[in-house]
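What follows is a short report on a single structure.
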Amino acid sequence: MASSPPNLEDVPTVSLMNEVLRRLKCASRPDKRLILVGPPGSGKGTQSPIIKDEYCLCHLATGDMLRAAVAAKTPLGIKAKEAMDKGELVSDDLVVSIIDEAMKKPSCHKGFILDGFPRTVVQAQKLDEMLEKQGVKVDKVLNFAIDDAILEERITGRWIHPGSGRSYHTKFAPPKVPGVDDVTGEPLIQRKDDTAAVLKSRLEAFHKQTEPVIDYYSKKSIVAHLHAEKAPKEVTSEVEKLLLICSEMQLPAVLKLTFEELLG
């Protein structure tokens, strides 16, 4: 049974007006369909929330989407669970269908960030076919290029806020309070696979399967190479330049204000 929409009379005026201003800002943003590619620990999890908020995009993490579809018992989720229960991998066609379904949500109206998919050239081809049927295409592939030797220290010190995907690091980008998310105050978690042994296996898989995806999209001239070994703020600056956030997409000043500042 679908949940009923909230009663707007119960929403605080400041919250309501800030949401209106946010949507006005989003209306001025160009549509963007982005893919983030890079080995584990390359910084995709740090940059994706920044890009998401700046461009008003939805963040499509296929693993989370599969789990959500299974939990919600959607028709696609039921098919995915059947495969999982048999110990089989969920088919590429099914994952693409789940992405297709997610793209229809209002939060994906301005476009999306795909993180963790496609991992193979076949998946990239199937994704392109699905997007072509909708009359759209991938606009940019951000390649988080980094040497393997740098990644172990990054991975083993990484902590995640599961609700938002915000990423922290005990050395390079620590939270204000150890073990606690800066925004919500909720506890951070460390993934079970954030170990040196697991990293080695995942890097081998990345180089074998996913690097050809970069070559595939390079032939379409839509790959942008980032220097992912740099500090997070420097990488953010690179991303902004590549996506023309700062130079060509300046908002009218009024749309950058919060409701309190407008009243101020």
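The values are calculated or read from the model by the stated rules, or taken from the named source; none is laboratory data. Since the structure is predicted, the reported quantities are computational estimates derived from the model, not experimental observations. Using ideal geometry, Cβ is built from the backbone for each residue, glycine included, and neighbour counts are taken over all protein chains shown. Keep in mind that these areas ignore ligands, DNA and RNA; they rest on the heavy atoms of the full protein, side chains included. Shrake-Rupley method; radii C 1.70, N 1.55, O 1.52, S 1.80 Å.
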Anything in region 55-75 that is among the aliphatic types (A, V, I, L, M) and in a helix (DSSP H, G or I)? List them, or say none.
Met65, Leu66, Ala68, Ala69, Val70, Ala71, Ala72
Among the listed residues Lys79, Lys25, Lys52, which satisfies the condition of being in contact with a Leu (Cβ under 8 Å, 6 or more places away or on another chain), open to solvent by 50 Å² or more (accessible area, probe 1.4 Å), among the charged types (D, E, K, R) and not in a strand (DSSP E or B)?
Lys79
Reported set for region 110-145 where residues are farther than 28 Å from Ala27 by Cβ, of a type outside the set (S, T, N, Q) and open to solvent by 50 Å² or more (accessible area, probe 1.4 Å) is Arg119, Val122, Lys126, Glu129
Six or more apart or on different chains, Cβ atoms under 7 Å: show the pairs whose first residue is in region 1-30 and under 19 Å from Asp53 (Cβ atoms) and whose second is modelled with pLDDT of 75 or more.
Cys26/Cys56; Cys26/Lys110; Arg29/Tyr55; Arg29/Cys56; Arg29/Lys110
Matching strands (runs of 3 or more DSSP E) fully within region 147-264 where at least 3 residues are at pLDDT 90 or above and not charged (D, E, K, R):
223-227
Which listed residue is more than 13 Å from Gly43 (Cβ to Cβ) and surrounded by fewer than 17 Cβ atoms within 10 Å (Cβ to Cβ), from Asp194, Asp181, Asp148
Asp148
Can you confirm whether region 80-90 contains a residue that is at pLDDT 85 or above and touching a helix residue (DSSP H, G or I) at 6+ places or on another chain (Cβ under 9 Å)?
yes
Could you list all residues from region 56-81 that are free of Cβ contacts under 8 Å to residues at least 24 places away in the same chain and not basic (Lys, Arg)?
Asp64, Ala68, Val70, Ala71, Ala72, Pro75, Gly77, Ile78, Ala80
Picked from region 82-94 (must be in a helix (DSSP H, G or I) and touching a residue at least 12 places away in the same chain (Cβ under 8 Å)), the residue least open to solvent (accessible area, probe 1.4 Å) is Leu94
From Ser97, Ser107, Ser167, residue being open to solvent by 30 Å² or more (accessible area, probe 1.4 Å) and in contact with a strand residue (DSSP E or B) (Cβ under 7 Å, 6 or more places away or on another chain)
Ser107
